[in-house]
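One structure below.
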Amino acid sequence: MKPVELKKDIYWVGAVDFDIRNFHHYSRSPEGSTYNAYLVCDEKNVLFDTVNVHEYGTLVKRISEIIEPEKIDYIVCNHLEQDHSGALPRMVKLCKPEKIFCSPMGYKSMTNIYDTTGWPIEIVKDGDRLNIGKRNITFLETRMLHWPDSMVSYLEEDKVLFSNDAFGQNIASSFRFADETDHKTILNATKGYYYNIVLPYSPQVLKTLKRVTDMGLQFDVIAPDHGLIFRTPEDVAFIISTYKELAEQKPVCAAVIAYDSMWGGTAKLAEAVADGLADEDVPFTMFNLQNTHPSEVTTALADAGALILGSPTRNNMPMVNMVGCIAHIKGLRPQNLVGAAFGCYGWSGESPKMLTEALADMKVEVVAEPVKCYFNPQEEDLVNARALGVAVARSLKEKCAQ
Ligand code: FEO
């Protein structure tokens with residue numbers, strides 16, 4: 001794969017990782033990912049971000065097709081997470097850059113993660129500008145999008161935004177640009193990335209979108225560090241409006257059921273809950289956590305307004321997959337959900353109550369009493385579970401109508 005020119009003398013020089021499925025070791029990336037890095041050739045040659053350490057050779061090869069890597073003058077580190085900075089130490093050694101730019105918090109991360117002895121680091125603050133010849137770069141700090149060090153770089157004359165993780169998607173393909181594929185593919189990947197990585201920082205997303213609007217920044221190209229690049233007015237508008245919608249988290253009239261089951265009883269309850277949702281014409285997706293990663297559940301919440309959890313009780317606790325799923329979702333702080341819980345038990349039966357408390361703790365509006373049932377569900381238990389599905393559906397419809 002050759003380097004790709006985004007605009008005159010502005011190149012993609014990143015790496016496509018077709019293999020990765022366990023992104024950052026906490027989120028599934030079923031379609032692989034990319035580590036986008038960008039090279040701008042001007043009076044000063046500037047590399048924006050690097051790649052994961054195992055793709056160092058690819059980065060060097062790609063750059064070498066444009067200029068000798070040793071001719072890189074500046075390296076800009078928009079974000080120190082290792083998928084973008086892993087190759088940095090070797091690049092610094094190879095290029096011997098005149099300067100390495102990062103945010104104030106980036107400096108703290110960089111000097112902690114790497115041995116930066118002798119590195120020519122220069123801290124740039126929010127709004128700082130840098131002339132590199134015919135072009136000027138504006139640096140904008142985007143703290144907590146999604147690390148404290150995060151910033152983006154804007155090429156003023158070309159109206160190109162190197163947005164780092166923002167607007168990213170886990171996609172590995174031969175395409176580099178959004179206009180080479182369809183919006184549905186990009187939307188699904190954007191939801192997966194946003195809901196598992198960016199979601200807790202949605203207030204900052206909305207604030208940043210307002211800020212760039214107020215600043216009057218125009219974007220010909222939005223170039224994230226993961227996935228496809230947006231270069232048409234239609235695609236730029238699409239990804240910005242998608243981000244706004246994802247950040248707003250308006251409830252969608254659909255439900256997610258996530259459950260675990262030991263011997264099939266809680267699975268039967270889950271089916272009955274689903275029947276209740278269907279009675280009220282509320283669409284649903286249902287996940288058995290025995291074969292579903294929590295990140296898939298979270299991604300589904302992008303198209304839902306209800307979260308219904310089910311687990312049997314094992315040793316006075318919900319099943320371990322459910323506990324992990326709750327930990328994953330809770331940390332991502334989803335908003336505007338209603339929910340309820342259910343589960344079977346053999347002797348103590350704490351799980352449905354604990355799941356209900358976990359939902360409340362996540363600020364999910366609990367709209368039905370938990371349903372618990374002794375061992376194998378009987379007709380009455382299935383009726384109760386179905387009623388739970390109906391109750392959640394009705395509350396959700398009311399919420400969506402507001
Ligand atoms: Fe793509 Fe936060 O690293």
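Numbers for the structure displayed
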quantity: Failed condition for Leu145, given (1) out of contact with any helix residue (DSSP H, G or I) (no Cβ under 8 Å at 6 or more places or on another chain); (2) at pLDDT below 95; calculated: (1)
quantity: Looking only at the stretch 34-80, and only at residues there that are surrounded by fewer than 19 Cβ atoms within 10 Å (Cβ to Cβ) and within 16 Å of the ligand (Cβ to nearest atom), the one that is farthest from Glu122 (Cα to Cα); calculated: His54
quantity: Evaluation of Asn170 against (1) within 15 Å of the ligand (Cβ to nearest atom); (2) farther than 25 Å from Gly32 by Cα (one fails), failing number; calculated: (2)
quantity: Helices (runs of 4 or more DSSP H) wholly inside the stretch 74-138 containing at least 1 residues that are acidic (Asp, Glu); calculated: 82-85
quantity: Residue ID - farthest from the chain's Cα centre (by Cα), chosen from residues in the stretch 147-160 that are within 16 Å of the ligand (Cβ to nearest atom) and either buried (at least 21 other Cβ atoms within 10 Å of the Cβ) or not assigned by TED's automatic domain parsing to the domain that holds Ala37 (or both); calculated: Ser153
quantity: Near pairs, Cβ below 7 angstrom, 6+ apart or cross-chain, from the stretch 187-201 (surrounded by 23 or more Cβ atoms within 10 Å (Cβ to Cβ)) to any residue that is part of a helix (DSSP H, G or I) and polar (S, T, N, Q); calculated: Thr190/Thr242; Gly192/Thr299; Tyr195/Thr298; Tyr195/Thr299; Asn196/Ser295; Asn196/Thr298; Asn196/Thr299
quantity: Tally of residues being touching a strand residue (DSSP E or B) at 6+ places or on another chain (Cβ under 6 Å) and more than 16 Å from the ligand (Cβ to nearest atom) across the stretch 81-118; calculated: 6
quantity: Selection status of Asp225, at pLDDT 95 or above, within 16 Å of the ligand (Cβ to nearest atom) and either among the acidic types (Asp, Glu) or surrounded by fewer than 17 Cβ atoms within 10 Å (Cβ to Cβ) (or both); calculated: yes
quantity: Wholly within the stretch 274-363, strands (runs of 3 or more DSSP E) carrying at least 1 residues that are in contact with a Lys or Arg (Cβ under 8 Å, 6 or more places away or on another chain) and not hydrophobic (A, V, I, L, M, F, W, C); calculated: 338-345
quantity: Per-region count, the stretch 16-39, residues over 24 Å from Pro3 (Cβ atoms) and either touching a helix residue (DSSP H, G or I) at 6+ places or on another chain (Cβ under 6 Å) or of a type in the set (Val, Ile, Thr) (or both); calculated: 2
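The values are calculated or read from the model by the stated rules, or taken from the named source; none is laboratory data. Quantities reported herein were computed from a predicted structural model and do not represent experimental measurements. Don't worry about glycine lacking a Cβ; one is built from the backbone with ideal geometry, like all the others, and counts go over all protein chains shown.
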